[in-house]
Amino acid sequence: MDIQSIVETDITRSIAELYPGNSCDVQLTPTKKEFEGQYTFVTFPLTKALRQAPAQIGQAIGAWLLKNSTVVSAFNVVQGFLNISIADTAWVGLLNDIVANPNFGILPTKEQSVMVEFSSPNTNKPLHLGHLRNNFLGDSVSKILAANGYDVVKTCIVNDRGVHICKSMLAYKLFGTDASGHGETPESAGMKGDHLIGKYYVLFDKAYKAQIEEMVGQGTPKEEAEKKAPLMLEVQQMLRLWEKGDPETVALWSQLNAWVYAGFDATYKRIGVSFDKTYYESNTYLLGKEVVEEGLQKGVFYRKDDSSVWIDLTEEGLDQKLVMRSDGTSVYMTQDLGTTDLKYQDFHNNRQIWVVGNEQDYHFNVLFAILRKLGRTYAEALYHLSYGMVDLPTGKMKSREGTVVDADDLIQETVDAASAAADDAAKGKLEDFSEEEKATLFQTLGLGALKYYLLKVDPQKRMQFNPTESVDLHGNTGPYIQYVHARIRSVLRKAAELNVVLEGPVAATQLDEIEQQLVFLLSQYPERVAEAGTAYAPSYIAQYAYELAKAFNQFYDRLSILKETDPIKLHTRLILSKSISETIQKAMGLLGIEVPEKM
């Protein structure tokens, strides 16, 4: 039963009968909390044609609905706003429909495929806090799009080559190996491979800055010192050796990357993120050169006197953009042109989405503009899901200076904070948990806290992460919603122990106001899923899950469930509670968050 559609149809009928020859686009919105009712119809658009006051029109339509509609039980008019209350029998029917639908919240197939590219790590450092927001966004958007009926492909491009990678390689060669060539390993260091290589990236930066400072002290201009510092010259030589396939350089590159990949895999497994296909820049960075040649032949690109290749995008409100250096080497734009073509050839997706921070907004505007000029059929279906950076209370993070919060450390810190918060709130209730069950619970709460905190904020907004706030059991947090779910499951277990039937259909003829609100909120879930899919906004789902959890707590505090003596009311409240727990689980699942059965 789609109550909103029924009411909208009834209002359309009322206008046709009350005001022959007149019509309008009837759309309902949820009634504001300060007014009685569940749906609101705005009558202002009708006033000009009908030459009546908005309130007068509302009264007439409301009276017609009360007499003719099978689902409307009452109405009130506030100026031009007709607030409509729904009959209990309609709510009960809707609840039964929800209970009977195992796919509630999963929308019909769109018969279209979408690629979501996210994570995009560099193999010179471990994943950090910014990567966590990226991964959680990409994973959640993928789940939301799948719930919207799309066939979703999750991809990752690994930046595994270039000057920044050679910096870690050179530092490892200089500072991590002895005269005999034996070097530090993740096992000997007692570190994950990505953390170990990240350590050498920081060591390079410190040594490089020391060289610059020394050269500047000897009279070399700083800009020149940055280019001619011995370490930078060695890095550039190492990159040239790698590109020529020098066996020793490639062997070092392969070994360090293998350690990093093992570290990445451990982090991805812990946070529950996976990919359908991973692309590597070392395999794709040359592909764009063919696109550049194509663009030159089509007149889309032009070559300057120094042999560098450019495109003029001033008519698109951008500027002139380099797509190949004068020495024939690729820039990032060249690589992305080739990789985007490759991804389309591999999957022929109807849409490609990149989850990348907003510092790359300009880059993607240029990329999409170039692909349109090249005549790519898929170019209009490309989208950059831009998101704001994540700051710490201490300020902006910088990988090369070692001020980044590693993802693994932050996850553990949040798990530890969740453990402390849960222990404090439980007051002995965790005594029945084994140590293994406690560890699983705290992991679930910690990851839930971290994911929810990063996803509840609109993606475009810059934000600051606060681990202590994220694990608060009283507020708009992941653990609060997880606790409400566990509370409901506890009620249902106790009901089962009392041999109370937990199956539908509901036979009630009357509902309390808070029960009506809960059924209404439940019915909104598919719409919220659709809205989140359209806007690529997990924050919509996070807000919905919080609203539903908060409404259940109000219901739990106001009405008795297990102590209710009326068997019909008891059955109704248990079925309603069960549906709420299942919907919370579905909504949190779209955020990549697990909900515990008990806390």
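The values are calculated or read from the model by the stated rules, or taken from the named source; none is laboratory data. Everything numeric here is computed off the predicted structure, so don't read it as measured data. For neighbour counting, all protein chains shown are included, and Cβ atoms are generated from backbone atoms with ideal geometry for every residue, glycine included.
Values as computed for the structure displayed
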quantity: Test: residue in region 510-525 that is of a type outside the set (S, T, N, Q), under 18 Å from the mean Cα position of the chain (by Cα) and in the same structural domain as Leu441 (by TED's automatic domain parsing); calculated: yes
quantity: Identity of the residue in region 552-593, in a helix (DSSP H, G or I) and within 20 Å of the chain's Cα centre (by Cα), that ends up nearest to Ala508 (Cα to Cα); calculated: Thr583
quantity: Pair list, Cβ under 8 Å, 6 or more apart: region 358-373 residue free of Cβ contacts under 8 Å to residues at least 24 places away in the same chain, other residue of a type in the set (Ser, Thr, Tyr); calculated: Phe364/Ser386
quantity: Test for Val457: is it within 18 Å of the chain's Cα centre (by Cα), closer than 23 Å to Lys586 by Cβ, β-branched (Val, Ile, Thr) and part of a loop (DSSP other than H, G, I, E, B); calculated: yes
quantity: Only listed residue being among the polar types (S, T, N, Q), at pLDDT 95 or above and more than 16 Å from Met588 (Cα to Cα), chosen from Thr444, Thr534; calculated: Thr534
quantity: Inter-residue pairs, beta-carbon under 6 Å, first without any contact (Cβ under 8 Å) to a residue 24 or more places away in the chain and in region 320-346, second acidic (Asp, Glu) and assigned to a loop (DSSP other than H, G, I, E, B), 6+ apart; calculated: Ser326/Asp306
quantity: Odd one out for Tyr208, checked against (1) within 22 Å of Met238 (Cβ to Cβ); (2) assigned to a helix (DSSP H, G or I); (3) free of Cβ contacts under 8 Å to residues at least 24 places away in the same chain; calculated: (3)
quantity: Residue within region 426-448 that is β-branched (Val, Ile, Thr) and not in a helix (DSSP H, G or I) present; calculated: no
quantity: Answer from Gly181, Gly272, Gly217, Gly190 - the residue that is at pLDDT below 95 and surrounded by fewer than 19 Cβ atoms within 10 Å (Cβ to Cβ); calculated: Gly181
quantity: Criterion: farther than 27 Å from Lys143 by Cα and surrounded by fewer than 15 Cβ atoms within 10 Å (Cβ to Cβ) - qualifying residue of Asp557, Asp512; calculated: Asp557
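The rows are residues; the columns are (1) surrounded by fewer than 18 Cβ atoms within 10 Å (Cβ to Cβ); (2) among the hydroxyl-bearing types (Ser, Thr, Tyr); (3) touching a residue at least 60 places away in the same chain (Cβ under 8 Å).
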site	(1), (2), (3)
Ala55	yes, no, no
Gly62	no, no, no
Leu66	yes, no, no
Asn76	yes, no, no
Leu94	no, no, yes
Pro108	yes, no, no
Gln112	yes, no, yes
Gly130	no, no, yes
